[in-house]
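Let me begin by presenting the structure, written as structure tokens, before commenting on it.
What follows is calculated from the coordinates using simple rules that are stated; it is not laboratory data. The shown structure was predicted, so the numbers you read here are calculated from the model rather than taken from an experiment. Here Cβ is always computed from backbone atoms with ideal geometry, including for glycine, and neighbour counts include all displayed protein chains.
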Number of protein chains: 2
Amino acid sequence: MAGLNERKQKILHAVVTDYIQTAEPVGSRTISRHYKIALSAATIRNEMADLEELGYLMQPHTSAGRIPSQQGYRFYVDALMDATSLTQEEEEYLARLFTQLEKMREIDQIVQHTARALSVITRYTSLVLAPQIKQSAFKQMRLIPMDNDKALVVLITDTGYIRNKVIEMPKALNQQEIDLVVAYLNKELSGQTIASLTSERLRKLRSDLYYHTDILNVLLNMLELCAQKPENRVYLGGASNILNQPEFKDVEKLKHLLTLFEEDERLTMVLENVTEGLSIRIGTENVLAEMKDCSLITASYHLHGRPIGTIGVLGPTRMEYARVKTIIEEISSRLNKLIGTL
Amino acid sequence: MAGLNERKQKILHAVVTDYIQTAEPVGSRTISRHYKIALSAATIRNEMADLEELGYLMQPHTSAGRIPSQQGYRFYVDALMDATSLTQEEEEYLARLFTQLEKMREIDQIVQHTARALSVITRYTSLVLAPQIKQSAFKQMRLIPMDNDKALVVLITDTGYIRNKVIEMPKALNQQEIDLVVAYLNKELSGQTIASLTSERLRKLRSDLYYHTDILNVLLNMLELCAQKPENRVYLGGASNILNQPEFKDVEKLKHLLTLFEEDERLTMVLENVTEGLSIRIGTENVLAEMKDCSLITASYHLHGRPIGTIGVLGPTRMEYARVKTIIEEISSRLNKLIGTL
DNA sequence: TTTAGCACTCACTTGAGGAGAGTGCTAAAA
DNA sequence: TTTTAGCACTCTCCTCAAGTGAGTGCTAAA
């Protein structure tokens, strides 16, 4: 696999970068002209024929130039890609963005704005997975009576994620009883991750406070629900950007992707399935068939060293990997810093 | 304008319904064959020429059939359209939907699910405007301390809309003071619409409680913000459905719409600009240029007789007006009933 | 007033021809 | 042995012309 001499690597690099720019098959002449490789077109042709045989390039038809195969992109991403840095414009945009984000105190809002910004700056579609309540830790819980028979439960977690739920109140409970139960739960559960609140563990609490079972039941049920039910907390930005990509000028291809964009559960799955840290998934390396012509670059973000969510950029396999990678790294690092201060 | 004899109306009706079904220009032969109008194609041709001159029909080119003009659709919607009723399938789908919705206690969730369902059942794109906090009435407010310097304000309104905001806490405030201020606000503001909380009115409260200005200021600022800042609370469903419409097989046209779909502020504007009750906006009757080839059918929903939001369906001007109208009427009426019980 | 007949229009399809970009192969040059 | 120039070849894409078919407008007869 690694048996590519330097010349082949240079040529592969030229093909990939040119194709990323132009979206047109790259011919041997183009390379010998534009890419300061001191070789004639004929020699390059021979090398390209080799690269094709080795699986790094493909030819749409006999008399066309070459385009990178998935394996070609993979090699480019792993070994060939130049490190880039942010342009001044991008730098300024991010500076402005983060001074705005710093004013927001809620993770949800921050994450939503990040998704939008990510798509604006990359000009691709962005996907952002907000912290799942499951992975958050219990901080405190409050119960606010609304009417006779309804109350609002507010659950605050350490990730700054706040969840409301209106519940039916069992009747004939006085405020004192409620306060007691809530105080007990706050003391008992503080710092525990929501996911750890299994039916098992909750049962124990139930028996501890058996004389308040009515209200306790309602609250514990809510927690149990939070721990079990997967939440779809994925935000999409710049979906219309895919229309700028020539590979999606075909309406049928578009339909598959746009339909996918409306299926929050599956998007969540994609983002959860990604390895921690920075990840680049090319073409069929993505599990979903709809994404076989797409690449997804993601980075996880963390709180107290624990990964709590993912930001990602989705584009055609012909994506500007280097640029997007730089941007994602920068944004996720800034995001981590910001979350730390919440 | 109204000078259409019965025969012309019959023919116009035939053209519109046929075109809605097929998306192809309708010829005179098709009408005389399929629509039980006991006239020859030639006669119908003459009438169609008249209808064109009167502005109800258009011809894409000389030797093609006719398609309805915007004015043609308008006449159809106002005078010609047959009343339809729900199919059994639709009926069952709605029954299932609303038994689900009844279990939800929060307006936001209800509205989101309604948007999705509306797009599924109509097979068009749906737009739903959730209650604006401005138009809601103050019910109660709570302040939950989080850390030393932060607190969570929970604002509950009569529309079941709950708003959280994390605020910076002025230091050196004891719980007692806070409770006092919150209790005062709850008493003073109960039942008032948020929009009525102008700077003017709030100033009075400020002077009433001048000895607690720190915490009071923070809370009042939050309320003022809610009263002023327009919120974008619009939900979109089934955006990918527009891809099934032949009129949007052109990627350029699509781009305009999809880009619009990402601009929440402008979508909100569209839905706010609509008349109360049922409204049908055809083509350029919509203010936004992007929607000049679309029609929008909307209905407002109410609480205590006050309109608090809008549900709508967006499709091509060649939309199945009758079917969609029936569905929207049904859903909004059921939604109204449901909201009343919250 | 309605209808049959007919010439006419115009989009759409098909196929042929030519241009252009790029290839693979061969033989000469380095 | 490696590189390069030359050349025939392949395949897409564009254009153009001819043919097809759906539908029209007009005219004259019913």
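Backbone geometry of segment B:294-308 corresponds, through the Karplus equation with coefficients 6.51, -1.76 and 1.60 at θ = phi - 60°, to 3J(HN,Hα) couplings of 10, 10, 10, 10, 10, 9, 8, 10, 9, 9, 6, x, 9, x, 10 Hz, x marking Gly and Pro.
If one computes the Cα centroid of segment A:43-114 and of segment A:158-225, what distance in Å separates the two points? Centre-to-centre distance over Cα atoms comes out at 48 Å. Residues in segment B:268-278 carry Karplus couplings, in order, of 4, 4, 4, 6, 6, 7, 9, 6, 5, x, 7 Hz; the curve used is 6.51 cos²θ - 1.76 cosθ + 1.60 with θ = phi - 60°, and Gly or Pro positions show x. Between copies, the label points at B:Asp78 (set 7 angstrom from Cα along Cα-to-Cβ) are spaced 6.9 nm, reported in nanometres from shortest to longest. Sorted shortest first, the distances from the B:His61 label point to those of the same residue in the other copies are 2.6 nm; each point sits 7 Å from Cα along Cα-to-Cβ.
For segment B:6-80, the dipole from Cβ point charges (+1 on Lys and Arg, -1 on Asp and Glu) about the Cα centre works out to 240 debye, to the nearest 20. Backbone geometry of segment B:214-224 corresponds, through the Karplus equation with coefficients 6.51, -1.76 and 1.60 at θ = phi - 60°, to 3J(HN,Hα) couplings of 4, 5, 4, 4, 4, 5, 5, 4, 4, 4, 4 Hz, x marking Gly and Pro.
Distances, shortest first, from the label point of B:Arg29 to those at the same position in the other copies read 5.1 nm; the point lies 7 Å along Cα to C-beta.
For the residues of B:238-245, the average number of beta carbons from a partner chain within 10 Å of their own beta carbon is 4.
Electrostatic bookkeeping for A:Thr193 treats Lys and Arg as +1 and Asp and Glu as -1; over the other residues with beta carbon under 13 Å from its beta carbon, the sum is +3.
Against the main long axis of the alpha-carbon atoms of chain B, helix B:175-189 sits at an angle near 40°.
Measuring against 30 Å, Cα to Cα, the residue pairs A:Lys150/B:Lys134; B:Lys8/B:Lys325; A:Lys255/B:Lys10; A:Lys337/B:Lys134; B:Lys8/B:Lys255; A:Lys36/A:Lys249 contain A:Lys255/B:Lys10; A:Lys337/B:Lys134; B:Lys8/B:Lys255; A:Lys36/A:Lys249 as the ones spanning a longer distance. Below 11 angstrom from the Cβ of A:Ile282, what's the summed charge of the other residues (Lys, Arg +1; Asp, Glu -1)? Every neighbour counted, the sum reads +1.
In chain B, helical runs assigned H by DSSP with n ≥ 4 each contribute -39500 (n - 2.57); averaged across all residues and rounded to the nearest 500, the mean residue ellipticity at 222 nm is -14500 deg cm²/dmol. Proximity of backbone amide H atoms, modeled 1.01 Å from N, is registered between B:Ser69 and B:Leu57, B:Met58 at under 5 Å, excluding neighbours fewer than 5 places apart on the same chain. Need one word for segment A:6-80: rounded, prolate or oblate. Basis is the Cα gyration tensor (sqrt eigenvalues a ≥ b ≥ c); a/c below 1.5 gives rounded, then a/b vs b/c decides. Rounded is the answer for segment A:6-80, as its axis ratio a/c remains below 1.5. Which of rounded, prolate, oblate describes the protein assembly as shown, given a ≥ b ≥ c as roots of the alpha-carbon gyration tensor eigenvalues and a/c under 1.5 marking rounded, otherwise prolate only if a/b is larger than b/c? Verdict is oblate for the protein assembly as shown. Here the contact order of segment B:134-228, divided by its residue count and restricted to Cα pairs under 8 Å and six or more residues apart, works out to 31 percent. Sum up the charges of everything whose Cβ sits under 12 Å from the Cβ of B:Met319, counting Lys and Arg as +1 and Asp and Glu as -1, but leave B:Met319 out. Spelling it out: positives minus negatives among the neighbours equals +2.
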